[in-house]
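**Q** Handing you a structure now.
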Amino acid sequence: SQQGEEDPQALSIQEGENATMNCSYKTSINNLQWYRQNSGRGLVHLILIRSNEREKHSGRLRVTLDTSKKSSSLLITASRAADTASYFCATDAESGGSNYKLTFGKGTLLTVNP
Amino acid sequence: DARVTQTPRDKVTEMGQEVTMRCQPILGHNTVFWYRQTMMQGLELLAYFRNRAPLDDSGMPKDRFSAEMPDATLATLKIQPSEPRDSAVYFCASGFGRGFYGYTFGSGTRLTVV
């Protein structure tokens, strides 16, 4: 079952604009990760934020985490046509005993128009 | 760059046949995940291993699916017998420990059962 749910399901913007995607989850997490998937390809890890962190940056990416609201956001600044892809949040959470697993939301399809 | 290698890239098979998908994780990675991706269900976690031990396969239909790691360089996912509803892209991902640097995905096996 999905742990994270992304919002919106699809987003279309112009090159140069910022893109914001949100992720909500249900249970306590150890960390939250964002991945990108180009059509028909494997997922690529973008950024990870731990449960005790509130904000993290990597290049044009900015991730926030609000554990009280069980939500995260991914901001891509100055978007480019090459950013067109599906973006997924994934939560690392306990799955029983000392085990933990990574579960994904259904993703946001971002289209950046030239 | 180190890669997760999945074979075959594409597989078309008839209903009832056995299908075996293989994954070679990145050397040194001790955590391996198997996911299935469909348009309807998104990314579903099927099974995962840590240090070759299966930790959670609750997402996997046990009557027909099996996942193993015969050694640290090979993970396999078998379906026997295959059914049309198994048609999907199957991804393997590997990482080290708690995956605090994220996980690396393979390019996937696109399975079509006719």
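The values are calculated or read from the model by the stated rules, or taken from the named source; none is laboratory data. Given the structure is predicted, the values throughout are model-derived calculations rather than measurements. Virtual Cβ from ideal backbone geometry, glycine too; neighbours counted across all protein chains shown.
**Q** Here are some conditions: (1) more than 26 Å from A:ASN99 (Cα to Cα); (2) within 14 Å of chain A (Cβ to nearest Cβ); (3) touching a residue at least 60 places away in the same chain (Cβ under 8 Å). B:SER94 meets all but one. Which one does it not meet?
**A** Among (1) more than 26 Å from A:ASN99 (Cα to Cα); (2) within 14 Å of chain A (Cβ to nearest Cβ); (3) touching a residue at least 60 places away in the same chain (Cβ under 8 Å), B:SER94 violates only (1).
**Q** While we're here: Take A:TYR87 and decide whether it is within 14 Å of chain B (Cβ to nearest Cβ), surrounded by 17 or more Cβ atoms within 10 Å (Cβ to Cβ), closer than 23 Å to B:GLY59 by Cα and at pLDDT 95 or above.
**A** yes
**Q** Let me spell it out: the conditions are (1) over 15 Å from the mean Cα position of the chain (by Cα); (2) surrounded by 17 or more Cβ atoms within 10 Å (Cβ to Cβ), and A:ASN52 meets all of them except one. Which number is the exception?
**A** Condition (2) is where A:ASN52 drops out.
**Q** Further, regarding this structure: Do any strands (runs of 3 or more DSSP E) lying entirely in the stretch A:44-114 carry at least 2 residues that are without any contact (Cβ under 8 Å) to a residue 12 or more places away in the chain, and which ones are they?
**A** A:55-58, A:85-96, A:99-104
**Q** Starting from residues that are of a type outside the set (Lys, Arg) and modelled with pLDDT of 95 or more, keep the ones in the stretch B:47-67 and report whichever is surrounded by the fewest Cβ atoms within 10 Å (Cβ to Cβ).
**A** B:SER66
**Q** Which one of A:LEU61, A:LEU74, A:LEU102, A:LEU32 is facing chain B (nearest Cβ under 9 Å), surrounded by 14 or more Cβ atoms within 10 Å (Cβ to Cβ) and not basic (Lys, Arg)?
**A** Testing whether each residue is facing chain B (nearest Cβ under 9 Å), surrounded by 14 or more Cβ atoms within 10 Å (Cβ to Cβ) and not basic (Lys, Arg) leaves just A:LEU102.
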